[in-house]
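J.: Dropping a structure here in structure tokens format, bear with me for questions.
The values are calculated or read from the model by the stated rules, or taken from the named source; none is laboratory data. Computed from a predicted structure; not experimentally measured. With ideal geometry, Cβ positions are generated from the backbone for all residues, glycine too; neighbour counts draw on all protein chains shown.
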Amino acid sequence: MGTGEIIWNGLALFMTLCIFSILYRDNPFYRIAEHLVVGVSAGYFAIILYYTSFIPKVWVPVVHEHKFYYLVPTLLGVLMWARFSRKWSWVSRYPIAAYMGIGMGVAIPVTMQTLILVPLHATMQPMGFTSMALFNNLLVAGGVLCALVYFFFSKEHTGAFGGVAKVGIWTLMVGFGAGFGLTVMGRVSLLIERFTFIRDYLQNVLGL
């Protein structure tokens, strides 16, 4: 490990410990690390957007290719900054409205495809010839139907209908629990990676 790598890894180790210090209580070291994360992230994404959006989608088409109609969306983007002015903030409503309209037009078909049509297709699969495939398909279809019954509020949830609705609640809780568990697993993986980094640095550099 070279000198430069030792210094940068040591700085990373120090910043990691500064973030972990919040587990004890709020302190200046944590606040410095927190502000560094926000500032560096903002600067990093500003440069990324400059080279991935402004240069190829504004500068090159207008200056080099003379496609001056690209100035229209550029002007709309500039007008969004009027939001920071009390006098001219109303101007930003027009580009924001255009952005929201276009965004909704793009997002609605994608959302329908990924969150509605694909799950519905999963409940319409052939039952299969093996007992396990049959069980899995019936479990998916039954869980979806029970969850839909739970959200049917035109009928009181009593009797058999209420029992099916309770099964729907349990189905939803299992889904939410699986999603939350996946999120926790991801965070724990990041924590393990940080602990591994600290251990490796202490072993390789300090010989501990």
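J.: From 45, 29, which residue is closer than 23 Å to residue 190 by Cα and surrounded by 12 or more Cβ atoms within 10 Å (Cβ to Cβ)? Give the derivation first.
T.: Working: 45 fails: surrounded by 12 or more Cβ atoms within 10 Å (Cβ to Cβ).
Step by step, each of 45, 29 is checked, and only 29 is closer than 23 Å to residue 190 by Cα and surrounded by 12 or more Cβ atoms within 10 Å (Cβ to Cβ).
J.: Does residue 4 satisfy the condition of being over 26 Å from the mean Cα position of the chain (by Cα), within 30 Å of residue 193 (Cβ to Cβ) and either in contact (Cβ under 8 Å) with a residue 24 or more places away in the chain or surrounded by 12 or more Cβ atoms within 10 Å (Cβ to Cβ) (or both)?
T.: Details: over 26 Å from the mean Cα position of the chain (by Cα): yes; within 30 Å of residue 193 (Cβ to Cβ): yes; either in contact (Cβ under 8 Å) with a residue 24 or more places away in the chain or surrounded by 12 or more Cβ atoms within 10 Å (Cβ to Cβ) (or both): no.
No, not satisfied.
J.: Can I ask one more? Tell me, which helices (runs of 4 or more DSSP H) wholly within region 115-206 include 3 or more residues that are of a type in the set (Gly, Ala, Ser)? Break it down stepwise before answering.
T.: Details: elements: 118-122, 131-150, 159-201.
In region 115-206, 131-150, 159-201 are the helices (runs of 4 or more DSSP H) which contain 3 or more residues that are of a type in the set (Gly, Ala, Ser).
J.: Another question about this same structure. State the number of residues belonging to region 151-169 that are under 31 Å from the mean Cα position of the chain (by Cα) and surrounded by 10 or more Cβ atoms within 10 Å (Cβ to Cβ). Steps first, please.
T.: Just the residues of region 151-169 that are under 31 Å from the mean Cα position of the chain (by Cα), to begin with: 151-152, 165-169.
This time we only want the ones that are surrounded by 10 or more Cβ atoms within 10 Å (Cβ to Cβ), so: 152, 165-169.
Summing the residues that are under 31 Å from the mean Cα position of the chain (by Cα) and surrounded by 10 or more Cβ atoms within 10 Å (Cβ to Cβ) in region 151-169 gives 6.
J.: Tell me, please, whether a residue that is out of contact with any Gly (no Cβ under 8 Å at 6 or more places or on another chain), modelled with pLDDT of 90 or more and either over 26 Å from residue 54 (Cβ atoms) or not in a helix (DSSP H, G or I) (or both) can be found in region 94-109.
T.: Filtering region 94-109 for residues out of contact with any Gly (no Cβ under 8 Å at 6 or more places or on another chain) gives 94, 96-109.
Keeping just the survivors that are modelled with pLDDT of 90 or more gives 94, 96-109.
Narrowing the set further to residues that are either over 26 Å from residue 54 (Cβ atoms) or not in a helix (DSSP H, G or I) (or both) leaves 108-109.
There is at least one residue in region 94-109 that is out of contact with any Gly (no Cβ under 8 Å at 6 or more places or on another chain), modelled with pLDDT of 90 or more and either over 26 Å from residue 54 (Cβ atoms) or not in a helix (DSSP H, G or I) (or both).
J.: Here is a follow-up. Would you check if there is a residue in region 170-187 being surrounded by 15 or more Cβ atoms within 10 Å (Cβ to Cβ), in contact with a Leu (Cβ under 8 Å, 6 or more places away or on another chain) and not aliphatic (A, V, I, L, M)?
T.: For region 170-187, residues surrounded by 15 or more Cβ atoms within 10 Å (Cβ to Cβ), in contact with a Leu (Cβ under 8 Å, 6 or more places away or on another chain) and not aliphatic (A, V, I, L, M): absent.
J.: Does region 156-176 include one or more residues that are modelled with pLDDT of 90 or more and either touching a His at 6+ places or on another chain (Cβ under 6 Å) or basic (Lys, Arg) (or both)?
T.: yes
J.: Next up: Would you call residue 93 of a type in the set (D, E, K, R) and surrounded by 11 or more Cβ atoms within 10 Å (Cβ to Cβ)? Working first, answer last.
T.: On the way: of a type in the set (D, E, K, R): yes; surrounded by 11 or more Cβ atoms within 10 Å (Cβ to Cβ): yes.
So residue 93 passes the test.
J.: Under 7 Å between Cβ atoms, at least 6 apart or on separate chains: pull out the pairs that start in region 139-151 with a residue that is farther than 9 Å from residue 172 by Cβ and end on any residue that is β-branched (Val, Ile, Thr) and outside any helix (DSSP H, G or I).
T.: Pairs that qualify, where the first residue is farther than 9 Å from residue 172 by Cβ and the partner is β-branched (Val, Ile, Thr) and outside any helix (DSSP H, G or I), are 140/123; 141/123; 144/123.
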